[in-house]
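J.: Pasting in a structure now, in C-alpha cells, and then I'll have a few things to ask.
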Amino acid sequence: GERNGQIFNGADDNASGTAVLIELSRFFHDVQPKHDIVIAFLDAEEMGLQGARHLVDSACLKDRRVLLNVNLDMVSRSQVSELYAVGTHHYPFLKPVLEGISTGEGLSVLFGHDLPGTGQDDWTMSSDHGPFHAAGIPFLYFGVEDHDGYHAPSDVAGDVTWDFFNVAANYILHSILAMDEQQWDTFAK
C-alpha cells in the first residue's frame, strides 16, 4: 500500500504468506489430501479481520465441518530462524503432531503467543485465525516476531531471510500433511 507518499511493499507482512499459499495450491493440485482443503486469500486484516469474518460467516463454510484453520502471515523473515506455531494453548491436541515433524536444518519451531491475559503478546485474536477461533474452530497460526519492517516501508524483498523462508514453508506444508493424516473424530477431543 501507500501512505503519505511512501510505498509499503509488505514483502514479509502479507506477501510471504500469500507466496506460501500459492505454492500450497500447486502442491495440492497434484496431491489429493484425505480431507477437503479450502485455500483462501483473505484481505482487510488490519481493518478488523473483515475478510476472515466474512469467510467464517459465509455460505461457503456454513454447511461444512471445518476441522482446522491454518493461517500464515509473516513467515519469511527471521535472523534467528524462529517460527511460531500459535494456537496450541487453546488446542493442545495439535502440539504433539507439530512436535513430531522434522523442522529442517536450522529451524526452531516455538509455541506461545496464545496465552490469555498476556496483552499484545497474545496473538490469539490478532490475525485472520481469530474469527475461526471465536467460532470454535481450532487454528494454527504460523508467523514470526515483529521486526523493524513490520508495517513499515522497509518491509522489502531484500530483507527476506531466504533459507529461513524455504524451511519455514516446508515445515508448514508438512504440518498440513500431518494434520490431514489425523482421525479428527477422536483426535480433537
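J.: When Leu173 is evaluated against the numbered criteria (1) at pLDDT 95 or above; (2) of a type outside the set (D, E, K, R); (3) on the phi > 0 side of the Ramachandran plot, which criterion, by number, is the only one it fails?
T.: Going through (1) at pLDDT 95 or above; (2) of a type outside the set (D, E, K, R); (3) on the phi > 0 side of the Ramachandran plot one by one, Leu173 breaks only (3).
J.: Right, something else. Condition test on Leu115, is it within 15 Å of the chain's Cα centre (by Cα), at pLDDT below 90 and not in a helix (DSSP H, G or I)?
T.: Judged against the criteria, Leu115 is not a match.
J.: How about region 72-127: which of its residues are among the aromatic types (Phe, Trp, Tyr) and touching a helix residue (DSSP H, G or I) at 6+ places or on another chain (Cβ under 7 Å)?
T.: Hits for region 72-127 are Phe93, Phe111.
The values are calculated or read from the model by the stated rules, or taken from the named source; none is laboratory data. From a predicted model like this one, the values you see are computed outputs, not experimental measurements. Ideal geometry is used to build each Cβ from the backbone, glycine not excepted, and the neighbour counts take in all protein chains shown.
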